[in-house]
Amino acid sequence: GDSVTQMEGPVTLSEEAFLTINCTYTATGYPSLFWYVQYPGEGLQLLLKATKADDKGSNKGFEATYRKETTSFHLEKGSVQVSDSAVYFCALTDVYNQGGKLIFGQGTELSVKP
Amino acid sequence: GAVVSQHPSRVICKSGTSVKIECRSLDFQATTMFWYRQFPKQSLMLMATSNEGSKATYEQGVEKDKFLINHASLTLSTLTVTSAHPEDSSFYICSARALSGGYSGNTIYFGEGSWLTVV
């Protein structure tokens, strides 16, 4: 079945460092890809998304490009802040085959130190 | 924008009792809602898919009689944890798929989640 694999955490960075969180997927159809963020004690928030190959999702300085050839959707940010400390989840959905249910990666905890 | 509300956000109950969690879409109709469970420091696992007016579809390994799901209207789905035990303590989160918006996958909205503690 479809699946999502993320790099293991925790990831610890200093403020203003460059961030990459790797995400790869396997899917039989044509999935949409997402990054969600979960701040401590809170629910999930959609960070960005891409619905087809070569699309780039971006929000709050974060970016991710849907790469079909490498089945990847890596999350990047040029300069992280302490407030970016959270758990990041990569996810996919194939609405045609799965009706909208999301398949999540295991999550990557990011800790940004001042 | 679209909002999905869950209630209660935190609940503590005694072992053996039942607890109900509500998931409401506040400004859109949702024919399909999803219930996930998240253990501490782990990912979200889909428990069941809730379809308005029909029985929920449960994922493998999820006890139907323990986790009762009712999707009585286009804006409300409920998850009832029956005869709760401490191992049911977890973070439960719902998502709702908007009725309109096509199949681009960008019409799925999450609730804030509900922390359940069974003592």
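The values are calculated or read from the model by the stated rules, or taken from the named source; none is laboratory data. Keep in mind that what you see is a predicted model, and the values were worked out from it rather than measured. Backbone-built Cβ (ideal geometry, glycine too); neighbour counts: all protein chains shown. Remember, those area values only see protein heavy atoms, side chains included, never the ligands or the DNA or RNA. Shrake-Rupley method; radii C 1.70, N 1.55, O 1.52, S 1.80 Å.
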Task: Label zone at A:S79, where the point sits 7 Å out along the Cα-to-Cβ direction: region A:28-66 residues whose backbone N lies under 16 Å - done: A:60-63
- [ ] May I ask you to compute the full-extension gain from A:N22 to A:N59, defined as 0.36 nm times their residue separation minus their alpha-carbon distance, rounded to one decimal in nm?
- [x] 11.6 nm
- [ ] Output the relative contact order of region B:4-44, whole-number percent, from Cα pairs under 8 angstrom with separation of 6+ residues.
- [x] 38 percent
Task: Å² of accessible area per residue within chain B, as computed with a 1.4 Å probe and no ligands counted - done: 49 Å²
TODO: Report the Cys residues of chain B lacking a disulfide-compatible partner, meaning no second Cys Cβ under 4.7 Å from their Cβ.
DONE: B:C13
TODO: Label chain A by shape, choosing from rounded, prolate and oblate, from the square roots a ≥ b ≥ c of the eigenvalues of the Cα gyration tensor; if a/c is under 1.5 it is rounded, and otherwise prolate applies when a/b is larger than b/c, oblate when it is not.
DONE: prolate
Task: Quotient of Cα Rg and 2.2 N^0.38 Å for the protein assembly as shown, N being how many residues it contains - done: 1.01
Task: Relative contact order %, chain B, counting alpha carbon pairs below 8 Å whose residues are six or more apart - done: 36 percent
TODO: Indicate the gyration tensor shape class of chain B (rounded, prolate or oblate), computed on the Cα atoms with a ≥ b ≥ c the square roots of the eigenvalues: a/c under 1.5 is rounded; otherwise a/b larger than b/c is prolate and the rest oblate.
DONE: prolate
- [ ] Using Cα pairs closer than 8 Å and at least 6 residues apart in sequence, work out the relative contact order for region A:4-88, in percent.
- [x] 33 percent
Open item on the list: From the gyration tensor of the Cα coordinates in region A:1-43, what semi-axes in whole Å does the equivalent ellipsoid have, largest first, with each one equal to sqrt(5λ)?
Closed with: 25, 14, 10
Task: Per residue solvent-accessible surface (Å²) - region A:1-98, probe of 1.4 Å - done: 48 Å²
Task: Total accessible surface hidden between A and B, rounded to 100 Å², 1.4 Å probe - done: 1700 Å²
TODO: Sticking with the crude label model, points 7 Å out along Cα→Cβ, report the distance from B:T117 to A:E15 in nm, one decimal please.
DONE: 3.2 nm
